[in-house]
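The values are calculated or read from the model by the stated rules, or taken from the named source; none is laboratory data. Remember, it's a predicted structure, so these values are computed and weren't measured experimentally. When we count neighbours, we look across all protein chains shown, and the Cβ atoms used for this are built from the backbone with ideal geometry, even at glycine.
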Amino acid sequence: MKWDFRRRFGFLVSDVARLYGQRFDRAARDQLGLSQPQCRLLGVLAANGDDAAVSQAELAQRLGLSAMAVGSLCDRMASAGWIRREPHATDRRVNLLQLEPRAAKALARAMEIGDSLNARALSGLSAAERTQLLSLLAKVRDSLLNEQA
């Protein structure tokens with residue numbers, strides 16, 4: 001029996017994410033010299049705001065990566081001057097991460113790359129369909145998050 005997975009939610013979402021990620025990664029590497037995971041790291045730190053640093057463990061959780069993967073990613077990002085590590089005031093096992101000033105410019109450009117990719121990916125949809133798609137995906141995400149609680 002031949003199985004058709006083209007309309008199965010999990011497979012479709014995974015394919016869209018993989019294809020989108022590949023295209024974003026290629027554009028970000030070409031234009032910024034940063035990979036998609038590096039841009040995501042900058043985005044998570046920026047979303048946290050200037051006032052609060054993020055620990056590597058918290059960053060790993062938000063990125064869905066292992067602590068070891070985030071550690072080596074942070075090593076490369078700190079060496080290249082995109083982020084800085086600061087020791088936690090009371091727990092010497094914890095490193096807190098913050099963006100370096102030059103990262104804001106790269107992150108703004110990464111957002112432009114994402115906007116351009118979004119426009120191309122969603123070009124076959126009307127404005128109402130785009131709004132509906134994003135709303136429905138947000139509902140699915142919320143359902144999955146609520147299920148974890």
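If I filter the range 65-79 down to residues being part of a helix (DSSP H, G or I) and of a type outside the set (A, V, I, L, M, F, W, C), which single residue comes out as nearest to Ser55 (Cα to Cα)?
Gly71
Restricting the first member to the range 51-64 and to residues that are surrounded by fewer than 16 Cβ atoms within 10 Å (Cβ to Cβ), and the second to residues that are part of a helix (DSSP H, G or I) and at pLDDT below 90, the beta-carbon pairs closer than 9 Å and six or more apart or on different chains are Ala57/Ala67.
For the range 65-87, a tally of residues being over 18 Å from Leu32 (Cβ atoms), surrounded by fewer than 15 Cβ atoms within 10 Å (Cβ to Cβ) and in contact with an Asp or Glu (Cβ under 8 Å, 6 or more places away or on another chain) returns 0.
In the range 1-29, the qualifying residues are those that are surrounded by 10 or more Cβ atoms within 10 Å (Cβ to Cβ) and of a type in the set (Asp, Glu), and the one that is farthest from Val140 (Cα to Cα) is Asp25.
Scanning the range 96-105 for residues that are at pLDDT below 90, surrounded by 11 or more Cβ atoms within 10 Å (Cβ to Cβ), of a type outside the set (D, E, K, R) and in contact with a Ser or Thr (Cβ under 7 Å, 6 or more places away or on another chain) turns up at least one hit.
A quick yes/no check of all residues on (1) farther than 21 Å from Gly64 by Cβ; (2) polar (S, T, N, Q):
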site: Trp3; (1), (2): yes, no
site: Arg8; (1), (2): yes, no
site: Phe11; (1), (2): no, no
site: Gln31; (1), (2): yes, yes
site: Gln36; (1), (2): no, yes
site: Leu42; (1), (2): no, no
site: Ala47; (1), (2): no, no
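Residues in the range 88-115 that are free of Cβ contacts under 8 Å to residues at least 40 places away in the same chain and closer than 24 Å to Gly33 by Cβ: Glu100, Pro101, Arg102, Lys105, Ala108, Met111, Glu112, Asp115.
Take the range 13-25 and flag every residue that is closer than 20 Å to Trp82 by Cβ and either more than 15 Å from the chain's Cα centre (by Cα) or of a type in the set (Phe, Trp, Tyr) (or both). Walk me through it before giving the result.
If we filter the range 13-25 for residues that are closer than 20 Å to Trp82 by Cβ, which is where we start, we get 21, 24-25.
The one that is closer than 20 Å to Trp82 by Cβ and either more than 15 Å from the chain's Cα centre (by Cα) or of a type in the set (Phe, Trp, Tyr) (or both): Phe24.
So is Arg93 in a loop (DSSP other than H, G, I, E, B) and exposed (fewer than 14 other Cβ atoms within 10 Å of the Cβ) or not? Let's see the steps before the verdict.
On the way: in a loop (DSSP other than H, G, I, E, B): yes; exposed (fewer than 14 other Cβ atoms within 10 Å of the Cβ): yes.
Answer is yes for this residue.
Would you pick out the residues in the range 30-44 that are small (Gly, Ala, Ser) and under 16 Å from Cys74 (Cβ atoms)? Hits for the range 30-44 are Ser35, Gly43.
Could you check how many residues of the range 85-117 are more than 17 Å from the chain's Cα centre (by Cα) and of a type outside the set (D, E, K, R)? Explain how you work it out, then say what you get.
To start, the set of residues in the range 85-117 that are more than 17 Å from the chain's Cα centre (by Cα) comprises 85-96, 100-102.
Now narrow it down to the ones that are of a type outside the set (D, E, K, R): 87-90, 94-96, 101.
Selection size over the range 85-117: 8.
Only one of the numbered conditions (1) loosely packed, with under 10 Cβ neighbours inside 10 Å; (2) in a helix (DSSP H, G or I) is violated by Asp142, and that is (1). Of all residues in the range 121-134, those satisfying the criterion of being surrounded by 10 or more Cβ atoms within 10 Å (Cβ to Cβ) and out of contact with any helix residue (DSSP H, G or I) (no Cβ under 6 Å at 6 or more places or on another chain) are Ala121, Leu125, Glu129, Arg130, Thr131, Gln132, Leu133, Leu134.
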